[in-house]
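The values are calculated or read from the model by the stated rules, or taken from the named source; none is laboratory data. Worth saying up front: this structure is predicted, and the values here are computed from it rather than measured. Neighbour counts run over all protein chains shown; Cβ positions are idealised from the backbone, glycine included.
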């Protein structure tokens, strides 16, 4: 019930914001607030369903998705040494990263095309005790990001 309520409120807020944009203006800017987007996607420890319009918002995020995830995870940590990130959340984070980089040409903010924060996030996630069951998935995502990185030039 809590998840449904969170998704309903997020949907209403996002819909209201889009409805207020002037005619001819683009929809939500992919550079605007990645933490808000990933917070909805990581709701209920990564078990909440992903609404289609949120998936579309993630496609253009690129490296900003990793920054949003890091901010989201950092906000809820009680201490630096203790991390409560579950295996399900790690799986969801990997899905978010894969979606964020699936169409590199769709990443509108040039500073988010190069996966700097994403590589740091993947390294961090692979070090968590709860990452054991998803190490193969982590390696696969890291390989995908490394291949993409090899084709890109970092923005200055």
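Key figures for this structure:
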item	result
Sole exception among (1) surrounded by fewer than 19 Cβ atoms within 10 Å (Cβ to Cβ); (2) touching a helix residue (DSSP H, G or I) at 6+ places or on another chain (Cβ under 9 Å); (3) outside any helix (DSSP H, G or I) for residue 130, by number	(3)
Qualifying residue in the range 6-24 (condition: modelled with pLDDT of 50 or more and either surrounded by 17 or more Cβ atoms within 10 Å (Cβ to Cβ) or touching a helix residue (DSSP H, G or I) at 6+ places or on another chain (Cβ under 8 Å) (or both))	no
Qualifying residue in the range 78-87 (condition: assigned to a helix (DSSP H, G or I) and in contact with a helix residue (DSSP H, G or I) (Cβ under 8 Å, 6 or more places away or on another chain))	yes
Residues that are under 13 Å from residue 65 (Cα atoms) and surrounded by 17 or more Cβ atoms within 10 Å (Cβ to Cβ), drawn from the range 110-127	112, 113, 114, 115, 117, 118, 121, 122
Among (1) more than 18 Å from residue 38 (Cβ to Cβ); (2) surrounded by 14 or more Cβ atoms within 10 Å (Cβ to Cβ), the one test that residue 94 misses	(1)
Hits in the range 53-75 - residues which are within 18 Å of residue 141 (Cα to Cα) and crowded, with 20+ Cβ neighbours inside 10 Å	58, 60, 61, 62, 63, 64, 65, 66, 67, 68, 69
